[in-house]
Amino acid sequence: MRLSRLARGLLATITLAVLLAIYLPLVVVLVNSFSTSTSLTWPPPGFTLEWWVKAFASAGALAAVLTSVQVALAATVISLVLGTLASMALQRFEFFGREAVSLLVILPIALPGIITGIALNNAFRTILGVQLSILTVIVAHATFCIVTVFNNVIARLRRLGTSYEDASADLGAGVWTTFRLITFPQLRSALFAGGLLAFALSFDEIIVTTFTAGSSVKTLPLWILDNLFRPNQAPVVNVIAVVLVFVSIVPIYIAQRIAGTEKVIR
């Protein structure tokens with residue numbers, strides 16, 4: 001399709017405007033992390049590295065980072081196991097209600113976070129009688145992280161087909177041997193990409209975490225929210241926010257590169 005010069009210019013202008021609306025606030029946060037001001041003011045009156053030093057020396061921030069990493073790793077492992085099993089069941093087998101089950105697996109990431117958070121809070125505290133803790137946060141994060149693994153794996157399974165698995169079965173290999181030697185090697189990159197996305201999604205999640213974390217649990221997003229309006233804490237929060245942005249970007253970039261360059265054996 002060939003576009004006129006006017007149409008190309010209009011599309012370029014709209015694209016630039018959208019990108020500026022998305023990323024300009026992030027640039028402001030980055031610049032403010034070096035500001036000499038103790039509040040969120042613009043433009044910065046001066047620049048300093050003081051807040052970066054304080055941020056990396058903050059016991060509360062470091063503890064929150066460790067908690068977020070623990071939650072994200074645990075949620076990612078659960079998501080990899082359950083997401084892979086669900087995708088293989090729904091792609092490799094036909095049964096009554098398969099489409100309904102597929103919808104239920106994907107639904108948690110489509111629902112508003114506040115709805116998921118309220119539902120899980122009621123389930124943990126009212127129905128199950130479980131005290132909110134880091135374990136409830138892990139379970140809550142796994143409910144929507146499963147979707148990223150599920151989508152990556154089921155897309156790969158659809159591209160692979162079953163010819164290699166059928167040949168393996170014809171040669172006498174069992175289900176586990178076929179999975180270990182045939183299926184898993186071809187799913188490895190999809191699992192890696194799905195795991196990276198799940199980790200990034202869990203690491204910076206705040207809405208569901210707010211409803212499922214006990215008073216003793218403080219993830220990094222919760223720590224940022226608690227300290228944002230405290231005196232002299234805004235610059236430190238900016239530093240943590242910048243670090244959080246880069247931590248989130250890296251796994252997403254790697255996952256995108258894997259998904260874009262992987263060649264599937266047919």
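Relative to the longest principal axis of the Cα atoms of the chain, the long axis of helix 59-92 makes an angle of roughly 20 degrees.
Taking the 1.4 Å solvent-accessible surface of region 1-139 as the whole, the part contributed by carbon and sulfur is 75%.
Taking amide hydrogens as placed 1.01 Å from N in the peptide plane, the amide H of SER35 sits under 5 Å from those of THR48, each at least 5 positions away in sequence or on another chain.
For ALA12 and LEU49, compute 0.36 nm times the residue count separating them, minus their Cα-Cα distance, and round to one decimal in nm.
Details: separation 37, 0.36 × 37 = 13.32 nm, distance 3.68 nm.
So the extension gain works out to 9.6 nm.
In the complete set of protein chains, residue-level accessible area for TRP52 is approximately 50 Å², probe 1.4 angstrom. Computed over the chain, the per-residue total of -39500 (n - 2.57) for DSSP H runs of n ≥ 4 gives a 222 nm mean residue ellipticity of -24000 deg cm²/dmol, rounded to 500.
Here Kirkwood radius over Cα pairs in Å was computed from the coordinates, and among (i) 19.5; (ii) 17.9; (iii) 21.4 the match is (iii).
The angle between the Cα long axis of helix 184-203 and the main principal axis of the chain comes to about 30°, on a 0 to 90 degree scale. Counting only alpha carbon atoms, the long axis of helix 98-110 and the longest principal axis of the chain meet at about 10°.
Ligands, DNA and RNA aside, LEU11 has an accessible area near 90 Å² when probed at 1.4 Å. Is the shape of region 1-155 best called rounded, prolate or oblate, per the rule: a/c under 1.5 gives rounded, else a/b larger than b/c gives prolate, else oblate, with a ≥ b ≥ c the square roots of the Cα gyration tensor eigenvalues? Oblate is the answer for region 1-155, as a/c is 1.5 or above yet b/c matches or exceeds a/b.
Here the label points at ARG92 and LEU20, each 7 Å from Cα along the C-beta direction, are separated by 5.2 nm in the simple model.
Accessible area per residue was computed with a 1.4 Å probe on protein heavy atoms; TYR23 scores about 130 Å². Residue by residue, region 151-159 carries 3J(HN,Hα) couplings of 5, 5, 6, 5, 5, 5, 4, 5, 6 Hz when phi is fed to the Karplus relation 6.51 cos²θ - 1.76 cosθ + 1.60 (θ = phi - 60°); x denotes Gly or Pro.
The values are calculated or read from the model by the stated rules, or taken from the named source; none is laboratory data. Everything numeric here is computed off the predicted structure, so don't read it as measured data. Neighbour counts run over all protein chains shown; Cβ positions are idealised from the backbone, glycine included. For accessibility, only protein heavy atoms count, side chains too; no ligands or nucleic acids. Shrake-Rupley method; radii C 1.70, N 1.55, O 1.52, S 1.80 Å.
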